[in-house]
Every structure is written in C-alpha cells, then in structure tokens.
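Nothing in this text is a laboratory measurement; each read-out follows from the coordinates by a stated rule. The shown structure was predicted, so the numbers you read here are calculated from the model rather than taken from an experiment. All Cβ positions, even for glycine, are placed from backbone atoms using ideal geometry, and neighbour counts span all protein chains on display.
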Amino acid sequence: MTGQKLDGILVANTVKDRIRISVEELGKEGIEPCLATILIGEDPASTSYVTSKQKDCADVGIHTKDHRLPQNFSQAELGELIELLNRDKTVHGILVQLPLPKQLDEFEVISKISPVKDVDGLTPFNSGLLASERALLKPCTPSGIMEILDFYKINVAGRHAVIINRSNLVGKPLYHLMLEKDATVTTCHSKTPDLKSFCLDADILVSAVGNRDKFTLTADMVKEDAVVIDVGTSRIAGRVSGDVDYPNVIEKASYVTPVPGGVGPMTRAMLLKNTITAASTSKEIVAHGRESTSP
Ligand SMILES: NC(=O)c1ccc[n+]([C@@H]2O[C@H](COP(=O)([O-])OP(=O)(O)OC[C@H]3O[C@@H](n4cnc5c(N)ncnc54)[C@H](OP(=O)(O)O)[C@@H]3O)[C@@H](O)[C@H]2O)c1
C-alpha cells in the first residue's frame with residue numbers, strides 16, 4: 001500500500017492563519033511584531049532565503065527591518081549592530097542569515113543575540129533551555145517537524161526515532177524535541193557504522209544529509225510503515241531534491257515528506273511563529289520593567 005504525503009505547504013498555511021490572528025491581537029495592544037534580518041555578503045542562496053523570509057513576514061503582517069552588509073563586514077561591526085537591535089524596542093526578533101563569511105565566528109555572533117529576540121532558537125542560552133524542556137524559542141526546522149507530525153496526529157511516544165544529522169541546526173535540537181515527546185531517539189552521522197541497520201529499526205526516520213552524491217535514503221533502508229521526514233536539500237540537474245528516493249520510499253513507508261513542499265515551508269512558518277512568540281514575550285518584559293537584553 002502506498003503511504004501518505006505529509007504536506008508541509010498545507011500545514012504551514014494553517015500555522016500562518018493562526019499567526020495572522022495573533023498579529024491582529026498584538027496590534028490591539030499596540031505591538032507591531034517586527035523581525036530584523038541581517039545578511040552579510042551576496043551569496044545567491046542566502047540572499048534568496050532572506051528575501052523569502054521577508055515576503056513571508058509581509059504575508060502575515062509582520063514588519064521587517066532589512067540589513068544587507070558587505071562581505072568584509074567585521075566581527076566588531078556585526079557585534080555592534082546586534083547590540084543596537086537588542087536594545088531597539090521596535091524589534092522583536094533578530095535573524096542572522098547563516099552561513100557567515102569565513103572571517104566571522106558564528107558561535108560568537110549568535111551568542112550576541114538577546115535570547116528573547118533569538119527567533120532561530122540557536123543562542124547557547126536557548127539551546128540550554130531546550131535541553132531542559134523549557135525553551136520558548138526553538139530552532140525552526142526541528143519545531144516545524146514536530147508541528148507537521150502533530151498535525152497528522154503521528155504519535156512519537158514509545159517509538160524509535162532515528163535522526164541522520166548531528167548539527168546544532170537540525171539533529172541536536174530535534175533529539176531534544178523528540179525525547180520530550182517520549183520517543184526513543186538515536187542520532188546517526190557520517191561516522192556511524194552500518195547506518196542501514198539503524199534506519200531499518202526506525203519507526204520515525206529523519207534524514208538531513210543534503211548531499212545526494214554521498215547519500216540517498218532508498219526504500220531498502222526503510223522499515224515497512226515507517227514515517228520518513230526528509231530535511232536534506234541538494235540540487236540534482238538544477239532541481240531541488242531531498243535525501244529520500246521519494247517515489248520508491250512512499251511505496252513502503254506510511255508517511256513521507258516531499259522535497260520541495262515538506263519541511264522547507266514548515267521551517268519558514270516556524271520563524272514567523274517564533275517572531276510572534278518573541279513579540280508577545282516583549283509585552284511581559286515591558287510589564288516587568290526588565291531590559292530587553294536579559295533573558
Ligand atoms: N528544508 C529546510 O528547511 C532545511 C533547514 C535546515 C537544513 N536543511 C538542509 O538539511 C541538510 C542538513 O543541514 P545542516 O545545516 O544540518 O548540515 P550539516 O551540518 O552539513 O549536517 C549534515 C549531517 O549529515 C551527516 N552526514 C553527511 N554525510 C553522511 C553520510 N554519508 N551518512 C550519514 N550521515 C552523513 C553529517 O555527519 P557529520 O556530523 O559526521 O559530518 C552531518 O551530521 C542540508 O541539506 C540543508 O540544506 C533544510
């Protein structure tokens with residue numbers, strides 16, 4: 001029997017509908033949610049991601065402040081800009097588009113973002129909260145995956161989730177979110193011997209490699225009726241493609257996310273959701289008289 005497509009566009013649209021309502025409600029309280037984006041250099045992929053994120057914001061009524069800076073922008077200059085945005089009460093979320101040019105230290109840059117404006121959920125403070133099951137702002141791709149599972153009423157409790165990725169952006173935060181929902185979680189990566197045996201044991205299989213020359217998740221690696229989440233993005237003959245051999249895997253799995261149209265739209269929707277969460281939190285911070293740079 002053929003499995004079901006997990007439609008990220010459909011789920012992202014339901015999230016966006018809820019966000020539009022929140023934007024209206026915040027507006028009644030005099031809060032205009034605003035996301036500041038920072039792009040260093042002119043990498044075409046990064047430029048197009050930032051432009052899409054700004055369009056998404058406009059689509060749901062979130063304001064944006066656009067900062068496009070030269071490739072040779074220094075660590076100190078970037079630090080100053082982030083400090084300025086941390087203090088700016090009209091800005092609720094700060095997004096620094098990654099990857100950064102070589103001269104910039106990513107960890108140091110991210111660490112400068114106020115945790116209450118950290119809409120990517122990547123600051124060390126928010127990573128710590130995530131590991132303690134207390135994060136408000138969670139990394140967008142992992143929380144988008146949890147949202148799509150929730151929408152389709154796919155329960156992960158007691159099931160074996162295997163994640164092929166150990167990055168700070170995807171694998172590590174997803175590990176915590178799955179664990180929080182009572183899954184038994186295994187993290188795999190490029191040094192995992194006999195990856196196939198782990199994959200074959202997975203009830204929920206998340207693949208986020210993003211290099212089809214090195215790795216493809218084929219049907220023989222998937223357990224009957226498994227749920228397969230494809231995060232990877234690579235280009236094959238100019239077309240965006242995931243890690244998964246979708247037409248064959250969907251014949252065996254119960255659910256599969258397509259690429260494009262799966263995790264990507266969910267990631268974008270979660271950025272909007274985090275911006276609204278940050279804007280709502282800002283209200284409480286003002287009420288309690290706390291500085292916007294303190295968590
Ligand atoms: N759709 C979306 O919204 C979205 C969002 C975020 C990321 N992505 C995509 O997801 C992919 C991963 O992103 P990332 O930032 O996490 O990249 P990354 O840091 O390069 O992570 C890739 C992971 O894959 C592992 N890996 C590489 N080759 C492997 C192999 N042959 N077998 C098993 N594991 C292997 C790596 O292992 P090691 O750690 O051992 O190197 C690493 O953990 C990329 O394609 C990215 O574009 C998509």
* Take the alpha carbon gyration tensor of the chain, find the square roots of its eigenvalues, order them as a ≥ b ≥ c, and report rounded if a/c is under 1.5; if not, report prolate when a/b exceeds b/c, else oblate. => prolate
* Given only helices, namely DSSP H runs of n ≥ 4 each adding -39500 (n - 2.57), what is the per-residue ellipticity at 222 nm of the chain, to the nearest 500 deg cm²/dmol? -> -13000 deg cm²/dmol
* Structure fact -> Inter-part gap, Cα centre of the range 1-26 to Cα centre of the range 142-157, in whole angstrom, is 12 Å
* Structure fact -> Dipole check, the chain, charges on Cβ (K,R +1; D,E -1), about Cα centroid: among THR233, THR47, LEU84 the Cα furthest to the positive pole belongs to THR47
* To do: Would you please classify the overall shape of the range 30-114 from the alpha carbon gyration tensor, given that a ≥ b ≥ c denote the square roots of the eigenvalues, rounded means a/c under 1.5, and beyond that prolate means a/b larger than b/c while oblate covers the rest?
  => oblate
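For the chain, give the magnitude of the charge dipole about the Cα centre (Cβ charges: +1 Lys/Arg, -1 Asp/Glu; no others), in debye to the nearest 20. Spell out each step's value before the answer.
Working: 33 positive and 38 negative charges, 22 e Å.
Computed about the Cα centre, the dipole is about 100 debye.
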* Could you check the simple spin-label distance between THR218 and GLU29, using points 7 Å along Cα→Cβ, in nm with one decimal? => 5.4 nm
* Structure fact -> Around SER111 (Cβ within 11 Å, Cβ-to-Cβ, excluding SER111; K/R +1, D/E -1) the net charge comes to -3
* Specify whether the C-alpha gyration tensor of the range 140-264 places it in the rounded, prolate or oblate class, a ≥ b ≥ c being the square roots of the eigenvalues: rounded for a/c under 1.5, otherwise prolate if a/b is larger than b/c and oblate if not. => rounded
